[in-house]
1. Can you name the residue in the stretch 63-121 that is of a type in the set (K, R) and within 16 Å of D52 (Cα to Cα) and is also most open to solvent (accessible area, probe 1.4 Å) among such residues?
2. Identify the single condition in (1) assigned to a helix (DSSP H, G or I); (2) open to solvent by less than 80 Å² (accessible area, probe 1.4 Å) that R51 does not satisfy, given that it satisfies every other one.
Amino acid sequence: MHIFSLPAGHFRPGRTVLIALVLALFVAGCASVPPPNDSMNMAQTQLQMARDAGAADYAPVDLGFAQDKFQLAQSAMAERKYADAASLAEESRADAELAQAKARLGAARAQIQSKMKENSRLRAQGEAAAAAAQAPAPAPPASNAQPTEDMPAPPSSALSTPAGDGFQTVPDNAQQPAVDPAGGQP
């Protein structure tokens, strides 16, 4: 017999490993995971940003998923299941980001649609104005009015002025040159 030999059945190597494993699991179970406050805050902030972007109108399903997962994360926090709460908070944050992106896309599409309608309206208005400019002017409407008459000439006394007053083109005393019937000068 050896001095260093153990009595039979005292300690077995398999039993030692089993005890060590149980002790490690017990210590690990006692060690708690810290509450995921940062993840919860980030998820809540992202949810609010999605709501502000109009996700309720443009991505209601994704926003609903994000809100449901956030509520589950809050329940897990209340039950001190911090690992589950952290995982659910991250999923909620991701769903909220997706909802926010879809909301921005939907708002951009709505704005594009509005601009396209405005462009169509302006194009139609321009075409109508161009067609009106090219069309011949309409004839004036026929009316039963009497045709306008010429103005009567003023009386001859108004045209003649007494001799010596005003401008005279032909002097009263001068004789008119005689014109030769053959077309020549005298």
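The values are calculated or read from the model by the stated rules, or taken from the named source; none is laboratory data. Source: prediction; values computed, not measured. The area values use the complete protein model at the heavy-atom level, side chains included, leaving out ligands, DNA and RNA. Shrake-Rupley method; radii C 1.70, N 1.55, O 1.52, S 1.80 Å.
1. Filtering the stretch 63-121 for residues of a type in the set (K, R) gives 69, 80-81, 93, 102, 104, 109, 115, 117, 121.
Those left that are additionally within 16 Å of D52 (Cα to Cα): 93, 102, 104.
On the way: R93: 49, K102: 88, R104: 146 Å².
For the stretch 63-121, the residue satisfying everything is R104.
2. Single failed check for R51: (2).
Every residue, every condition in (1) within 21 Å of the chain's Cα centre (by Cα); (2) modelled with pLDDT of 95 or more, yes or no:
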{"position": "G14", "(1), (2)": "no, no"}
{"position": "P36", "(1), (2)": "no, no"}
{"position": "Q44", "(1), (2)": "no, yes"}
{"position": "E97", "(1), (2)": "yes, yes"}
{"position": "K102", "(1), (2)": "yes, yes"}
{"position": "I112", "(1), (2)": "yes, yes"}
